[in-house]
Amino acid sequence: MRFDELRLAEPIVRAVATEGYTTPTPIQIKAIPPALAGLDVLGCARTGTGKTAAFALPILHRLAGHAARSGRHPRKGAARGTRPRALILCPTRELATQIYESFVAYGCGLHLRHTAIFGGVNQAGQVRKLHAGVDVIVATPGRLLDLMNQGFVDLRAIEVLVLDEADRMLDMGFIRDIRKIVGSLPVRRQNLLFSATMPDEIRRLADSMLRDPVFVKAAPVASTAEAVSQSVYHVGKKNKPVLLERLLRHDAMERTLIFTRTKHGADRLVKVLRRSGVEAAAIHGNKSQGARTRALDGFKSGDTPILVATDIAARGIDVDEITHVVNYDLPNIPETYVHRIGRTARAGATGVAVSFCDHEELDHLRAIERLTKVKLEVVASEPDLALEAPAASPKRREQSRPARTSANTPQRRRRRARRPRRSAA
């Protein structure tokens with residue numbers, strides 16, 4: 001099947017071809033027709049399988065038809081003060097930017113107006129775009145709700161609501177914000193919910209929001225990419241940095257995405273790698289938007305071959321040439337492992353997923369293997385690795401030396417007083 005067989009508007013098909021796509025992915029083939037028919041859709045597919053286009057293309061088709069019916073000249077775009085008609089909610093700034101750029105690219109021939117709303121930056125520019133009139137809003141829940149409370153956003157004309165990466169938004173605690181936002185939307189609307197995994201919580205959320213949804217999936221929920229080689233090292237926590245440095249030195253790890261459990265852990269690991277001469281950057285929620293953008297741009301260009309990320313921040317990383325994924329810390333949610341390793345082996349390429357597992361993470365490893373039904377190959381256990389701690393820096397060696405005892409302590413004064421005095425000759 002080709003995109004021109006999906007009955008999409010001709011400018012959209014032309015824009016998709018300009019982006020280099022002629023054949024839709026399985027999730028697009030299954031999700032676009034019911035979405036074009038105005039039905040609610042519950043979609044599940046691994047990351048990198050084209051979920052963004054699966055909801056962006058039918059939304060653009062719908063808005064293009066609305067502009068034609070309303071008599072609005074297509075080159076004028078949204079009129080000043082026009083209320084948005086499509087709302088896409090996603091968990092991170094990076095993902096919001098990625099989705100926004102996709103709408104701009106796929107809708108370049110429709111002259112619709114889009115905007116991205118997220119925190120970490122000054123809201124003035126976002127408010128100006130809203131005041132000028134937009135057709136599509138791509139937003140993170142927190143900043144959108146903040147602007148709604150200030151009276152800058154009017155969602156009474158929303159026709160389509162999309163929840164993208166719904167599983168991660170639940171993990172991040174966005175559910176209350178989402179319910180507040182949904183409560184301000186028109187009751188009569190189309191709902192599209194997409195997620196890389198489909199735990200029970202997502203099913204319950206879908207049941208509360210969607211009306212007779214069409215369930216589509218491109219692969220089993222717990223499946224992992226077949227083109228990904230998966231392995232595990234059994235290694236103690238204190239030896240993980242040494243093992244990672246060794247792999248980076250001796251293996252052909254060209255563009256590597258490393259996952260840590262915490263933001264502090266990501267920053268600490270970057271410092272360790274830089275001390276060993278490895279160019280690396282960290283991306284997580286505590287970084288400013290400028291720092292996150294620079295880190296991601298450096299990773300995409302290849303100037304920074306190693307990117308250390310937390311799961312939340314990684315939801316906006318859309319890079320096809322990632323050769324390796326390293327689970328420096330195993331996730332405590334097995335579905336997260338599926339999402340992590342899906343960052344490699346994209347666009348028909350192959351990839352490598354390496355996991356480090358210490359004794360406290362054995363339960364996480366077993367849960368991952370139960371979910372994926374894949375027994376990870378054990379490359380080495382710690383006794384086989386003969387790891388040695390890196391040599392301390394001169395500064396650290398100096399700090400580790402015992403401090404010299406002052407010559408004028410009370411103990412030394414008493415000892416001197418007990419010694420027999422020598423008479424002068």
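Taking the listed residues V374, V378, the one that is in a strand (DSSP E or B), more than 22 Å from the chain's Cα centre (by Cα) and surrounded by fewer than 21 Cβ atoms within 10 Å (Cβ to Cβ) is V378, with no other qualifying. Just to verify a result, which residue in segment 51-82, among those that are among the charged types (D, E, K, R) and either under 30 Å from V216 (Cβ atoms) or at pLDDT 55 or above (or both), is surrounded by the fewest Cβ atoms within 10 Å (Cβ to Cβ)? Among those that are among the charged types (D, E, K, R) and either under 30 Å from V216 (Cβ atoms) or at pLDDT 55 or above (or both), it is R69. Scanning segment 14-31 turns up no residue that is at pLDDT 95 or above, in the same structural domain as D135 (by TED's automatic domain parsing) and touching a Leu at 6+ places or on another chain (Cβ under 6 Å). Taking (1) among the hydrophobic types (A, V, I, L, M, F, W, C); (2) more than 21 Å from V232 (Cβ to Cβ); (3) buried (at least 18 other Cβ atoms within 10 Å of the Cβ) in turn, A349 satisfies each apart from (3). Kindly check whether there is at least one residue in segment 357-368 that is at pLDDT below 90 and assigned to a loop (DSSP other than H, G, I, E, B). Checked segment 357-368: no residue is at pLDDT below 90 and assigned to a loop (DSSP other than H, G, I, E, B). Among the residues of segment 16-50, those that are within 15 Å of F3 (Cα to Cα), touching a helix residue (DSSP H, G or I) at 6+ places or on another chain (Cβ under 7 Å) and either among the β-branched types (V, I, T) or buried (at least 22 other Cβ atoms within 10 Å of the Cβ) (or both) comprise V16, T22, P24, I27, Q28, A31, I32, A35. The helices (runs of 4 or more DSSP H) falling completely within segment 274-355 that include 1 or more residues that are on the phi < 0 side of the Ramachandran plot and at pLDDT 85 or above map to 289-301, 334-341.
Does segment 106-128 contain any residue that is among the small types (G, A, S), within 18 Å of V162 (Cα to Cα), assigned to a loop (DSSP other than H, G, I, E, B) and touching a Leu at 6+ places or on another chain (Cβ under 9 Å)? Yes, the conditions are met somewhere in segment 106-128. The set of residues in segment 276-314 that are touching a helix residue (DSSP H, G or I) at 6+ places or on another chain (Cβ under 6 Å) and among the aliphatic types (A, V, I, L, M) comprises V278, A280, A281, A282, I283, L307, V308. Candidates are the residues of segment 104-128 that are of a type in the set (V, I, T) and under 22 Å from H284 (Cα atoms); the one that is modelled with the highest pLDDT is I117. The single condition among (1) in contact (Cβ under 8 Å) with a residue 40 or more places away in the chain; (2) buried (at least 20 other Cβ atoms within 10 Å of the Cβ) that A282 does not satisfy is (1). The residues listed here are R292, R211, R268, R255; of these, the one that is surrounded by fewer than 18 Cβ atoms within 10 Å (Cβ to Cβ) and not assigned by TED's automatic domain parsing to the domain that holds I32 is R268. Selection of segment 295-306 for residues being crowded, with 16+ Cβ neighbours inside 10 Å and either among the small types (G, A, S) or more than 16 Å from L257 (Cβ to Cβ) (or both) yields A295, G298. If the condition is being surrounded by fewer than 23 Cβ atoms within 10 Å (Cβ to Cβ), touching a strand residue (DSSP E or B) at 6+ places or on another chain (Cβ under 7 Å) and either free of Cβ contacts under 8 Å to residues at least 60 places away in the same chain or at positive phi (or both), then segment 89-114 contributes Y100, V104.
Would you confirm, using the coordinates I've provided, whether T344 is crowded, with 24+ Cβ neighbours inside 10 Å and of a type in the set (S, T, N, Q)? When the stated conditions are applied, T344 passes them. So how many residues does segment 225-259 have that are in contact with a Cys (Cβ under 8 Å, 6 or more places away or on another chain) and without any contact (Cβ under 8 Å) to a residue 12 or more places away in the chain? Within segment 225-259, residues that are in contact with a Cys (Cβ under 8 Å, 6 or more places away or on another chain) and without any contact (Cβ under 8 Å) to a residue 12 or more places away in the chain number 0.
The values are calculated or read from the model by the stated rules, or taken from the named source; none is laboratory data. The model shown is predicted, which means the values in this text are computed figures rather than measured ones. Note: ideal-geometry Cβ built from the backbone for every residue, glycine included; neighbour counts use all protein chains shown.
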